[in-house]
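Beneath this line is the structure, given in structure tokens, with notes to follow.
The values are calculated or read from the model by the stated rules, or taken from the named source; none is laboratory data. Note that the structure is predicted; figures quoted are calculated from it, not measured. When we count neighbours, we look across all protein chains shown, and the Cβ atoms used for this are built from the backbone with ideal geometry, even at glycine.
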Amino acid sequence: MSDRPRIVVLGGGFAGLGAALKLEKADADVVLVDRHDYHTFQPLLYQLATGLLEPNAVGHSIRDLVQDQDNVTVHKTSVTAVDLGAREVRLADMAPVTYDYLVIALGAVVNFFGTEGAAEHAFPMYTLTDAVRLKEHLLERWETADKDPSVIEDGGLNVVVVGGGPTGVESAGAIAELFRGDFAKDYRNVSQEEARVMLVEAGPEVFSMFKPNLRAYTEEALQKRTVEVTTGEAVASVSPTRVTLKNGTEIPAHTLVWGAGLQGNELVQSLGLTLERGNRIGVGPDLTVPDHPEVYAVGDIAAITDARTEHPLPQLGSVALQSGEHAGEDIARRLRGKEPKPFKYRDKGTMATIGRGAAVVQMLGGRTMKGFKAQVAWGTVHLALLPTNEDRAKAIVDWAGAGLTHQRTGRITYESEVNAGR
Ligand SMILES: Cc1cc2nc3c(=O)[nH]c(=O)nc-3n(C[C@H](O)[C@H](O)[C@H](O)COP(=O)(O)OP(=O)(O)OC[C@H]3O[C@@H](n4cnc5c(N)ncnc54)[C@H](O)[C@@H]3O)c2cc1C
């Protein structure tokens, strides 16, 4: 056992990795824990779910990412509890680990807001396995419908997407493009009219965080892709073959994609801390937890207030990366006997994609962009979030390839076959 300080980083997402990598030169041992052996690039999950990308373009080995950093040890295990008093992290299948500094970066989990049947039957879009599960389910429904017309009559090819934020809009847009593009040619005997893609948003409009001109553009872009948008309506219940709205309308659909809400990772409940909206951990200006200056909470699990606007920062990749990097830098600074610094977020704009060649961007000063130009801006900002130069090069090749050929070569099923032992 080394007698250097030990920094335990919980989570290998944008925030956790950001922290661990910034500790490269620290005279300390860094222990990085994640339940998966891969880092997930969530902004590309919808491309995986619709066959544009392969799983290894969205998930990257965590060990690979820190391979050259001598002071990091990675453990693939689940965090089961954190004892802030004893400064100890409990793990599912190994001995507890004590720490001098702790970085909590466990992200968020889907919030079904108690919707009946959603936990059992909805398809959330938050993890790599969620995306693969959705892709294989869509392919399975179309293959079954191809052989059995009664599945089509029962609404088996209809898809309801819940949530008019970025996750819902980009999922609905991508699914509609998959259906009207490749599936129209793959399954020539199936009428496209019988495969509706519906987007349901409880609020009065989709993309409420964007300016009116971008909202109008989004509506038009969705319409062009044949996505039917319903606003001011919420989903009341979900069964394997039906979605029921709060107004009583029953929609025949065998697929409900949930892109409507998140809450802090379930572990936050056991910390004994006062939680903010969405079960997130409230943090001070330096991102430490109240009364625990040795504990940082960063990324989606934290409620971080923007020092400039005094508003809470959104749950975004760039917020997660920058806050994680801040924690890593701050701990390294404190280990050198220096004072902690407050976190300052560098806003690169709010942006989202709707489909091929269709995106919206709203810059800090109020400038807006839409269409292809906005998609290029989205690509540039998101390339910077990818963990390695090799990943960036691969993403450029994948995106350019998909843009030129429009081919979704990932539309094959094998996970379910592996699971079934076939
Ligand atoms: C579909 C989708 C699209 C998005 N699109 C965009 C976008 O276009 N632009 C953008 O900026 N942001 C986007 N986001 C948001 C962005 O991806 C998140 O804000 C970001 O991933 C949060 O990073 P994080 O490190 O806080 O959490 P995460 O990335 O969720 O990482 C948390 C890590 O903790 C691990 N973990 C969780 N619980 C445990 C446990 N108990 N034990 C061990 N390990 C655990 C997980 O395996 C995971 O690796 C999108 C999110 C989604 C879901």
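As an exercise: evaluate LEU44 against (1) assigned to a loop (DSSP other than H, G, I, E, B); (2) surrounded by 19 or more Cβ atoms within 10 Å (Cβ to Cβ) and give the number of the one condition it does not meet.
The failed condition is (1).
Can you name the residue in the stretch 31-62 that is among the acidic types (Asp, Glu) and within 12 Å of the ligand (Cβ to nearest atom) and is also farthest from VAL319 (Cα to Cα) among such residues?
Per the stated criteria, the residue is ASP37.
All but one of (1) closer than 19 Å to LYS22 by Cβ; (2) out of contact with any helix residue (DSSP H, G or I) (no Cβ under 7 Å at 6 or more places or on another chain); (3) of a type in the set (D, E, K, R); (4) in a loop (DSSP other than H, G, I, E, B) hold for ARG333; which doesn't?
Condition (4) is where ARG333 drops out.
Here's the yes/no breakdown for (1) on the phi > 0 side of the Ramachandran plot; (2) without any contact (Cβ under 8 Å) to a residue 24 or more places away in the chain; (3) away from the ligand (no atom under 16 Å from the Cβ):
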position: GLY181; (1), (2), (3): no, no, yes
position: ALA195; (1), (2), (3): no, no, yes
position: LEU199; (1), (2), (3): no, no, no
position: GLU205; (1), (2), (3): no, no, yes
position: ASN247; (1), (2), (3): no, yes, yes
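Please state which one of GLU228, GLU201, GLU193, GLU219 is out of contact with any Pro (no Cβ under 6 Å at 6 or more places or on another chain), at pLDDT below 95 and acidic (Asp, Glu).
GLU193
Could you tell me which residue of the stretch 1-12 is nearest to the ligand (Cβ to nearest atom), considering only residues that are closer than 19 Å to ALA302 by Cβ and small (Gly, Ala, Ser)?
GLY11
Sort out which residues of the stretch 256-278 are closer than 30 Å to ALA174 by Cα and assigned to a loop (DSSP other than H, G, I, E, B), and write them in order of number.
Within the stretch 256-278, GLY259, ALA260, GLY261, ASN265, GLY278 qualify.
Residues in the stretch 252-266: is at least one more than 22 Å from the chain's Cα centre (by Cα) and buried (at least 18 other Cβ atoms within 10 Å of the Cβ)?
The answer is yes, given that some residue of the stretch 252-266 is more than 22 Å from the chain's Cα centre (by Cα) and buried (at least 18 other Cβ atoms within 10 Å of the Cβ).
Which of the following residues is within 10 Å of the ligand (Cβ to nearest atom) and touching a Leu at 6+ places or on another chain (Cβ under 8 Å): ALA28, ALA15, ALA19?
ALA15
Checking the conditions here, which among THR98, THR73 is over 30 Å from LEU256 (Cα atoms), within 16 Å of the ligand (Cβ to nearest atom) and in contact (Cβ under 8 Å) with a residue 40 or more places away in the chain?
One residue alone meets the criteria, THR73.
Answer with yes or no whether VAL30 is more than 30 Å from ILE354 (Cβ to Cβ) and surrounded by 17 or more Cβ atoms within 10 Å (Cβ to Cβ). First the steps, then the outcome.
Working: more than 30 Å from ILE354 (Cβ to Cβ): yes; surrounded by 17 or more Cβ atoms within 10 Å (Cβ to Cβ): yes.
Judged against the criteria, VAL30 is a match.
Quick one: in the stretch 327-350, of everything that is buried (at least 23 other Cβ atoms within 10 Å of the Cβ) and either without any contact (Cβ under 8 Å) to a residue 60 or more places away in the chain or more than 16 Å from the ligand (Cβ to nearest atom) (or both), which residue is farthest from ALA384 (Cα to Cα)?
ILE331
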